[in-house]
Amino acid sequence: MGALIEARGLTKRFDSFVAVAGIDVDVFRGEVFGFLGPNGAGKSSTMRMIGCVSPVSSGTLRVLGMDPAVDGPRIRARLGVCPQENWLDEELTVRENLLIYGRYFGLPRRTLADRAAELLAFVQLTDKADAQVADLSGGMKRRLTIARALVNEPEIMLLDEPTTGLDPQARHLVWDRLIQLRQEGVTLVLTTHYMDEAEQLCDRLVVMDGGTIVAEGSPLDLIRAHATREVVELRFVAGRQQALAAEVADLADRVEVLPDRVLLYTQDGDAAANAVHQRGLSPPGILVRRSSLEDVFLRLTGRTLVD
Amino acid sequence: MDTALRALEYWLLSYKRTWRGTIVSSFLVPFLYLAAMGFGLGSFINAGAGRAALGGQTYLQFIAPGLLAATAMQTAAFESSYPVMGSWKWIKTYYAMLATPLRVSDVLIGHLLFVAFRVLMTSMVYLVVITVFGAVSSPWGVLAIVAGLLTGLSVATPTFALAVRSERDTVFSMYFRFAILPMFLFSGAFFPVSQLPVVVQPIAYATPLWHGVHLARMFTEGTLSPGWIAVNVGYLCLWIAAGTWWAARAFRRRLVT
């Protein structure tokens, strides 16, 4: 069984600007695959090419075994797309949005009526079926967009930043639905810049920066490869970090100095924390935690703000 | 074609919310125009030398087909401006459609079909009203609807292109003020173009509306000339073909990036 999505040297150029600079990606059936990266890393451009709405500039791309340049409509018939901006019709009702979208796929009205009811139950919007979309909260609109993307029973679902801008309750509800879809065998491809989201959901992911892939693997693999097992965060009085960082540098594999704290990347956080105490440094705040994907992300893509 | 009809279905669904209002206004507007101009202004013109200049018919009979074509143009221009821009810029309906099996050509044709439907409805209502006012003197008058449809599409297609090419909706206030309104006033709907200064007459004859008005007038008066029908229909079809080509190019450039 080959990959559902197979990209080789995939490139997207806009005039002289290179948004995606020759990436290789394989996504297999049933997995949750993530594109991580800061804004402008090329995630959305990649997703749009996979979604067969943006022509490939160079390289090859196969989706469901077909070439998007030739079989765009046939591929899109089997994809579910959850775009960043929802693209819902705010003046139509919740149910109407689902029904009309299903019609775009040529599905019969009778099938759609049943499916709309199921999908609304799935995303917990049954009570809102006849409400205008304009009256929904951000989280509800997002769930409706997910339901809409499922109307054609897609084999691959593309989710561009599925939980950006949602409150924690709404995010968890979206995550629950996505995990359930994965259990039902739907292949999920998502972009995110939330590390907790990637750790929660993704089986495998790539970190993109400046149009290229800078790391690839499972969340755990990436943490092992690019960060230490644990991190000790030392909070010192402002202005003293630089001097103190020098005194603890030998206690860690890597030391990072931030405006309000010093991070010690180490295999054994407790041992490092004890050593700090033994040297009489006693910082006002000390926290030992496991490394997260966020540490990997910041290490790979830097702390410089990209806008 | 089947896929373009799916896109049309969206427009019909969203029209369901507002159709009542548009039906009322599409009866009211011709009624007001015909009452004010056909009877009010017409009573002056018919009493004076104007009647001879109009070829012996009443002013009401003269402007009724002109108003039908001019209103078809206005309906088409409006339906092809803000709604088209909104579909890629604000509501993004086009993008939602393109994430499905629909193609750019389906999105364009589906929306154009809806505008054609709206123009057809408006023209039919107009025809009913002017018939009631006694302004249609031939059974061929039924074909004024076709004149209205062709006029509408000849304006709708380039307006689609404009609405997709332009970055901001400010372009429309210019468009309506400097293209649609002058065309409405000076394309032979209210007075014969021969009354205009000789130098500007060619501009009036080059507008699609003049051809639409001329065509509609032949039908309502029953003064059919095969040669003129061929010229008017041919010219309007030329605009529709060129406008569709331009709109298709603009759609691809905007939506396929």
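The values are calculated or read from the model by the stated rules, or taken from the named source; none is laboratory data. Everything quoted here is computed from the prediction, not taken from an experiment. All Cβ positions, even for glycine, are placed from backbone atoms using ideal geometry, and neighbour counts span all protein chains on display. Accessible surface is based on the protein model in full, side chains and every heavy atom, while ligands, DNA and RNA are left aside. Shrake-Rupley method; radii C 1.70, N 1.55, O 1.52, S 1.80 Å.
Each residue of the stretch B:66-74 was assigned a 3J(HN,Hα) from its phi angle through the Karplus curve 6.51 cos²θ - 1.76 cosθ + 1.60 (θ = phi - 60°); the sequence is x, 5, 4, 5, 5, 6, 4, 4, 5 Hz, with glycine and proline shown as x.
So for chain A: antiparallel DSSP bridges make up what percent, rounded to the nearest 5?
Working: 36 of 54 bridges.
Counting only bridges with both partners in chain A, antiparallel ones make up about 65 percent.
Between the beta carbons of B:Trp245 and A:Arg290, assuming R0 = 51 Å, the FRET efficiency works out to 0.25 to the nearest 0.05.
Ordered from highest to lowest accessible area with the whole protein assembly present and a 1.4 Å probe, A:Arg299, A:Arg76 read as A:Arg299, A:Arg76. In terms of accessible area, using a 1.4 Å probe and ignoring ligands and nucleic acids, B:Leu68, A:Leu298 rank largest first as A:Leu298, B:Leu68. Annotation for A:Asp203 and B:Phe178: the two label points, set 7 Å from Cα along the Cα-Cβ direction, are 5.9 nm apart. Evaluating 6.51 cos²θ - 1.76 cosθ + 1.60 at θ = phi - 60° for every residue in the stretch A:35-51, the Karplus couplings come out as 9, 10, x, x, 4, x, 6, x, 5, 5, 4, 5, 4, 5, 5, 5, x Hz, glycine and proline recorded as x. Solvent-accessible surface of protein heavy atoms, probed at 1.4 angstrom with all chains present, puts B:Ile180, B:Ile91, B:Ile203 in the order B:Ile203, B:Ile91, B:Ile180, largest first. The residues packed around A:Thr228, meaning those with a beta-carbon under 15 Å from its beta-carbon, carry a net charge of -4 if Lys and Arg are +1 and Asp and Glu are -1. In the context of the full protein assembly, B:Cys237 retains an accessible surface of approximately 60 Å², using a probe radius of 1.4 Å and ignoring ligands and nucleic acids.
How large is the dipole of the protein assembly as shown about the Cα centre if only Lys and Arg carry +1 and Asp and Glu carry -1, each at its Cβ, rounded to the nearest 20 debye? Write down the numbers at each step before the final one.
Values: 52 positive and 50 negative charges, 370 e Å.
Its charge dipole is roughly 1780 debye.
Sequence gap at least 6, Cα distance under 8 Å: using those rules, report the relative contact order of the stretch A:1-104 to the nearest whole percent.
Values: 128 pairs, mean separation 26.9, N = 104.
RCO, the stretch A:1-104: 26 percent.
Need one value for A:95-105: mean number of C-beta atoms belonging to other chains within 10 Å of its residues' C-beta atoms. It would help to have the intermediate numbers written out before the result.
Numbers: counts 0, 5, 2, 0, 2, 11, 5, 2, 7, 15, 4.
Rounded to a whole number, the mean comes out at 5.
Heavy atoms of the protein chains alone define the surface here; on that basis chain A has 44 Å² accessible area per residue at 1.4 Å probe size.
Close amide-amide hydrogen proximity is noted between B:Ile91 and no other residue 5 or more places distant or on a separate chain, at a cut-off under 5 Å (H modeled in the peptide plane; Pro and chain starts excluded). Computed with every protein chain present, the accessible area of B:Trp11 is close to 20 Å² [probe 1.4 Å].
For chain A, the longest principal axis of the C-alpha atoms and the axis of helix A:269-278 are separated by about 30°.
Residues whose amide H comes within less than 5 Å of that of A:Ile286, counting only those at least five positions distant or on another chain, are A:Arg235 (H built at 1.01 Å from N in the peptide plane).
Let me know the charge dipole size of chain A about its Cα centre in debye, to the nearest 20, where only the beta-carbon of Lys, Arg (+1) and Asp, Glu (-1) is charged.
Numbers: 35 positive and 43 negative charges, 87 e Å.
Dipole size: approximately 420 debye.
Amide H contacts of A:Val81 (H built 1.01 Å from N, in plane; Pro and chain starts excluded): A:Leu158 sit under 5 Å, all sequence-distant by 5 or more or on other chains. Considering every alpha-carbon pair of the stretch A:5-216, the percent of pairs per 10 Å bin, from zero through the bin containing the longest distance, is 9, 35, 36, 18, 3.
Using the alpha-carbon positions of the protein assembly as shown, Rg (one decimal) and Dmax (whole number) come out as 31.9, 113 Å. Modelled spin labels at B:Gln201 and A:Asp127, positioned 7 Å past Cα toward Cβ, are 7.3 nm from each other. Among beta bridges from DSSP that stay inside the protein assembly as shown, the antiparallel ones total about 65%.
At a probe radius of 1.4 angstrom, the accessible area of the stretch B:2-255 per residue rounds to 42 square angstrom. Principal-axis analysis of the Cα atoms of chain B puts helix B:144-165 at an angle of about 40° to the longest axis.
Of the residues B:Val29, A:Ala149, B:Thr131, the one whose Cα sits farthest toward the positive end of the charge dipole of the protein assembly as shown, with +1 on the Cβ of Lys and Arg and -1 on the Cβ of Asp and Glu, is B:Thr131. Distance between the pseudo-spin-label points of B:Ser137 and A:Ser57 (7 Å out from Cα toward the beta carbon): 6.7 nm.
From the P(r) of the stretch B:147-220, could you give the percentage of C-alpha pairs in the tail past 17 Å? Intermediate values should be presented prior to the final figure.
Values: 1314 of 2701 pairs.
Everything past 17 Å amounts to 49 percent.
Among A:Ala275, A:Ala252, A:Ala77, the largest mean-square fluctuation in a Gaussian network model of chain A, built with springs joining Cα atoms closer than 10 Å, belongs to A:Ala275.
For chain B, the C-alpha radius of gyration sits at 1.04 times the compact-globule guess of 2.2 N^0.38 Å, with N the residue count. Close Lys pairs in the protein assembly as shown (alpha-carbon distance under 25 Å; sequence gap of 8 or more, or different chains): 14.
The relative contact order of chain A comes to 20 percent, based on Cα pairs under 8 Å that sit 6 or more residues apart. Going 7 Å from the Cα of A:Glu153 toward and past its Cβ, which residues in the stretch A:75-107 have a backbone nitrogen under 13 Å from where you end up? In the stretch A:75-107, the label zone of A:Glu153 (backbone N under 13 Å from the point 7 Å along Cα→Cβ) covers A:78, A:107. Solvent exposure of A:His172, expressed as accessible area, is near 100 Å², computed with a probe of 1.4 Å over the protein chains only.
Convex hull volume of the Cα atoms in the stretch B:31-128, per residue, in Å³? Intermediate results must be reported in sequence, preceding the final value.
Working: hull volume 11.0 nm³, N = 98.
With only Cα atoms used, the stretch B:31-128 gives 112 Å³ per residue.
Taking the longest Cα principal axis of chain B as reference, the axis of helix B:104-132 is set at about 20 degrees.
Chain B against chain A buries an accessible area of about 2100 Å², both chains summed, 1.4 Å probe radius.
Take every Cα pair under 8 Å whose residues are at least 6 apart in sequence, average their separation, divide by the length of the stretch B:21-120, and the relative contact order is 22 percent.
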